[in-house]
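Data first, discussion second: the structure below is written as structure tokens.
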Amino acid sequence: MTTTLISTQASLAQGFVSLVGAGPGDPDLLTVKGYRVIQQAQVVVYDRLVSPEILALANEKAEMIYVGKKLDYHCVPQDQINQILVDKALEGKRVVRLKGGDSFIFGRGGEELETLAEQGVRFEVVPGITAAAGATAYAGIPLTHRDHAQAVQFITGHVQKDGKEIDWQAAAQSNSTLVFYMGLKQSGYIADKLITHGIAEDMPCAIIENGTRREQRVFRGNLAQLPNLAKQAQSPALIVVGSVTSLHEKLDWFNIKH
Ligand code: SAH
């Protein structure tokens, strides 16, 4: 609590940016700290995947700036987003930069903070529940399990566009659950590469669409079926590969109507 008071006082004088992870969808998955800083914000700069219920927590006088992003399409270019954060902070404002999931997991949070650091703007990071943790929890898929997986890898499915290839050999090691973000359009490529590197075609996998939201859907099958499953699913969705996904049938609790 002491640290909180200090950072709040400093922010009044100099401007301050809180980089807040909003969680994957269900607004109740926002952290208590995230809730508090959103309520105190004078400016909220937010992305497309942030739930309207979370945006509604902001003060009605707060300036709300939408910089939404879609795959392959940035509503506002990244350097302009960085500049908005710097400008608002230098005006002395208390700024919340609100992103879906966790800002440091495929969220470009690091890039935005580097700019703030270079410009001498003070900031803090409020972590959020990343989609891999939230969506699998709501789908009844434990990412690790003593009988199934001793490791988990979060991987971007956006590889080819970014021009950086995944280390498929490392991804295909046994006993590891793989979670692909932004992988829906690349599902055929992902399945091919994993099979080529030794994962069995009948390895169980799942696609979780709209994880933690009321409209969540889970598609289950095996690796060879992944491209067909992906045709039925819509964004935002995660691809999960590994035998833990077979626990979904037993542990599903969220989609069951009581
Ligand atoms: N920083 C975010 C990820 C941003 S990248 C986080 O930590 O969760 C965007 C990708 O996240 C989407 O393409 C999708 O793969 C995944 N994603 C985000 N929200 C999701 C949700 N509710 N259900 C399933 N996948 C989701």
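Annotations
- Matching residues in segment 193-209 - criterion: being more than 16 Å from the ligand (Cβ to nearest atom) and either out of contact with any helix residue (DSSP H, G or I) (no Cβ under 8 Å at 6 or more places or on another chain) or within 18 Å of G140 (Cα to Cα) (or both): G198, M203, P204
- Residue among A139, A200, A117, A151 that is under 15 Å from V241 (Cα atoms) and free of Cβ contacts under 8 Å to residues at least 24 places away in the same chain: A200
- So G140, is it within 16 Å of the ligand (Cβ to nearest atom), outside any helix (DSSP H, G or I) and assigned by TED's automatic domain parsing to the domain that holds S176: yes
- When the test is whether a residue is modelled with pLDDT of 95 or more, within 15 Å of L143 (Cα to Cα), surrounded by 17 or more Cβ atoms within 10 Å (Cβ to Cβ) and within 16 Å of the ligand (Cβ to nearest atom), I190 does not pass it.
- Number of residues in segment 109-134 that are touching a Ser or Thr at 6+ places or on another chain (Cβ under 9 Å), of a type outside the set (A, V, I, L, M) and within 14 Å of the ligand (Cβ to nearest atom): the value is 6.
- Residue list for segment 162-181, filter: surrounded by fewer than 22 Cβ atoms within 10 Å (Cβ to Cβ) and under 17 Å from S235 (Cα atoms): Y181
- Selection within segment 154-197 - of a type outside the set (K, R) and free of Cβ contacts under 8 Å to residues at least 24 places away in the same chain: D162, G163, E165, D167, A170, Q173, S174, D192
- Scanning segment 171-199 for residues that are among the polar types (S, T, N, Q) and within 22 Å of the chain's Cα centre (by Cα) turns up S176, T177, Q186, S187.
- Number of positions in segment 187-238 that are more than 29 Å from L29 (Cα to Cα) and hydroxyl-bearing (S, T, Y): 2
- Filter pass, F180 being within 10 Å of the ligand (Cβ to nearest atom) and outside any loop (DSSP other than H, G, I, E, B): yes
The values are calculated or read from the model by the stated rules, or taken from the named source; none is laboratory data. This one's a predicted model, so the numbers in the text were calculated from it and none came from an experiment. Quick reminder, even Gly has a Cβ in these numbers, built from the backbone with ideal geometry, and neighbours come from all protein chains shown.
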